[in-house]
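See structure below.
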Amino acid sequence: MPDFSSSRRAVVGAGVATAAAWVAGCAVSPKAARPRVVVVGGGWGGLGAARTLATSGQVAVTMIEPNDRFMSCPLSAHYVAGFGREADYQRSYANIDRQGIQRVRERVTEIDRSAAVVVAGGQRIGYDFLVLSPGIDYMEEAVQGYAAAREQLPVGFRAFEQAAVRRQVDAFLERGGEFVITVPKPPLRCPPAPYERAFLIAAQMKRRGTKGKVIIVDASPNPMPMPIAAPIVGAMKSLYAAQIEYVTNTEVSAVDIGRRLLVTPTGDIGFTAANMVLPMRAPALIRSARLGERWAAVKLPSFLSQADDKIYVVGDAQGTPLPKSGHLAFGCGKQVAADIVRRIAGQPAPVASGPVTLPGAICWAAVTHDEAIMINVTPSVEAGQPPKLAFQVDPRHNKASGQGSLQWGDSMWNQMLG
Ligand SMILES: Cc1cc2nc3c(=O)[nH]c(=O)nc-3n(C[C@H](O)[C@H](O)[C@H](O)COP(=O)(O)OP(=O)(O)OC[C@H]3O[C@@H](n4cnc5c(N)ncnc54)[C@H](O)[C@@H]3O)c2cc1C
């Protein structure tokens, strides 16, 4: 296999020779000679990587993704609460196919770190570089009794799972009662999302005159991270004091689905319907390949695996303190693709003389169907230091951010799949 070492010295030496070899190979058989990059996951991070790699024309790109189309988690709270159609948040992979990316509709079951992935059908797909962006898994074992109650207590924090939550919401809006949304301790995918769902369900209660309440059961003392706490709690109090009850410092340890009770150290909480947001971790694929424990261990600013010089991990599966945001995942996918192209070309790694700005995050918390809170995070990192996160958060929900969130969604989906 060609040597695309990431160290500056090795890249300059081996890289020049390697690039020459590829050029020579291209003259004979361009396709066969191109280095192979496999991207696991056709979500936010995977699409950022796959598109950028394909645009470079320097590599043969394979994207492995079990779903036949894309569905967005960002903005899907509107659908979950009955304000939109599921199809509004879905897009086709047709332009990925047109771009020459080989799309394999399978699930990767194993990473053989000698340079191949194995898919559910048993096929081995070899790579020179591997980009992993498989998203998250739920820690079902954290809540006793959850596995048996899964169907009735959906999390819905992964693409296409939103429909199961929508069914719970529809039943609640029809009949009333107590709709419980749990919030685990961080880190979690899109921390404002559970509150956003509560807001939009409460907005529907007002519109439809549903009797009952939404109970947010939060394992933390306030919405986390701290910069989002004031505007989220402010919206809760100013708009939904009659609809939302906010229970803090309360971690759910078990569920009694027969009696419809959540068990917590401070007493049981009854529910008619629930959206149980569980603690999260990287998918098992990451752990079984020894790329990390709860999350994949990566180096910053490169997002290269700490365990393997040919593997990059981006998106929510990576375990840095960066926000788990689609915007950031997409930016990191693009960044690692550029790094792979650089390594293949035998170019030296850029040497930073100060803090390096990393791809940023933009999360939106819809508060009504028209208004939202914008949460903008700019991360940076300096050698030997933990990353720094600079927050810019709307002090209060507003219509401009409501509009901005929709424009952002269109623009991102277009960049990923248009
Ligand atoms: C309700 C909600 C609201 C959100 N709002 C925002 C927002 O406003 N702004 C924002 O930036 N982010 C938001 N996010 C977060 C955003 O969705 C995630 O950060 C983003 O999806 C992470 O990208 P990813 O590539 O890591 O994972 P994903 O986008 O989940 O993609 C992972 C892909 O990998 C595939 N996959 C998984 N396992 C395998 C396997 N073994 N083999 C092959 N393929 C596999 C999956 O099918 C999936 O398509 C929100 C999330 C939620 C749940």
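The values are calculated or read from the model by the stated rules, or taken from the named source; none is laboratory data. Fair warning: this is a prediction, and the values are worked out from it, not measured in the lab. Cβ coordinates were reconstructed from backbone atoms using ideal geometry, including for glycine residues, and neighbour counts include every protein chain displayed. Accessible surface is based on the protein model in full, side chains and every heavy atom, while ligands, DNA and RNA are left aside. Shrake-Rupley method; radii C 1.70, N 1.55, O 1.52, S 1.80 Å.
Restricted to the range 387-402, and to residues there that are more than 14 Å from the ligand (Cβ to nearest atom) and in a helix (DSSP H, G or I), the residue that is least open to solvent (accessible area, probe 1.4 Å) is A400.
Let's see how each residue does on (1) open to solvent by less than 40 Å² (accessible area, probe 1.4 Å); (2) part of a loop (DSSP other than H, G, I, E, B); (3) acidic (D, E):
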{"residue": "W364", "(1), (2), (3)": "yes, no, no"}
{"residue": "T378", "(1), (2), (3)": "no, no, no"}
{"residue": "Q385", "(1), (2), (3)": "no, yes, no"}
{"residue": "W408", "(1), (2), (3)": "yes, no, no"}
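Name every residue in the range 189-208 that is open to solvent by less than 10 Å² (accessible area, probe 1.4 Å) and within 13 Å of the ligand (Cβ to nearest atom), in order of residue number. Even if it seems obvious, please write down each step before you answer.
Taking the range 189-208 as the starting set, the residues that turn out to be open to solvent by less than 10 Å² (accessible area, probe 1.4 Å) are 192, 194-195, 198-202, 204-205.
Answer for the range 189-208, where residues must be open to solvent by less than 10 Å² (accessible area, probe 1.4 Å) and within 13 Å of the ligand (Cβ to nearest atom): P192, P194, Y195, A198, F199, L200, I201.
This table checks each residue for (1) assigned to a loop (DSSP other than H, G, I, E, B); (2) away from the ligand (no atom under 16 Å from the Cβ); (3) open to solvent by 20 Å² or more (accessible area, probe 1.4 Å).
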{"site": "D309", "(1), (2), (3)": "yes, yes, yes"}
{"site": "V336", "(1), (2), (3)": "no, no, no"}
{"site": "R342", "(1), (2), (3)": "no, yes, yes"}
{"site": "I375", "(1), (2), (3)": "no, no, no"}
{"site": "M412", "(1), (2), (3)": "no, no, no"}
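Restricting the range 272-286 to residues that are more than 12 Å from the ligand (Cβ to nearest atom) and over 16 Å from the mean Cα position of the chain (by Cα) leaves a set whose member that is surrounded by the fewest Cβ atoms within 10 Å (Cβ to Cβ) is T272. For T109, the requirement of being surrounded by fewer than 23 Cβ atoms within 10 Å (Cβ to Cβ) and in contact (Cβ under 8 Å) with a residue 40 or more places away in the chain is met. Pairing each residue of the range 192-214 that is without any contact (Cβ under 8 Å) to a residue 40 or more places away in the chain with any residue that is charged (D, E, K, R) and open to solvent by 10 Å² or more (accessible area, probe 1.4 Å), provided the two are 6+ apart or on different chains, yields C-beta distances under 7 Å for K213/E178; K213/E245.
Would you be able to say whether some residue in the range 263-271 is outside the structural domain of Y312 (by TED's automatic domain parsing), open to solvent by 20 Å² or more (accessible area, probe 1.4 Å) and in contact with a helix residue (DSSP H, G or I) (Cβ under 6 Å, 6 or more places away or on another chain)? No.
Check every one of the strands (runs of 3 or more DSSP E) wholly within the range 44-134 and list those with 2 or more residues that are more than 30 Å from L173 (Cβ to Cβ) and within 13 Å of the ligand (Cβ to nearest atom). Please lay out each step first, then the result.
Numbers: elements: 60-64, 69-71, 90-92, 102-104, 108-112, 116-119, 124-126, 129-132.
Qualifying strands (runs of 3 or more DSSP E): 60-64, 102-104, 108-112, 116-119, 129-132.
Within the range 232-255, how many residues are on the phi < 0 side of the Ramachandran plot and open to solvent by 50 Å² or more (accessible area, probe 1.4 Å)?
From the range 232-255, those on the phi < 0 side of the Ramachandran plot are 232-248, 250-255; that's our starting set.
With the extra rule that they be open to solvent by 50 Å² or more (accessible area, probe 1.4 Å), the set shrinks to 237-238, 241-242, 245-246, 251, 253.
Number satisfying all stated conditions: 8.
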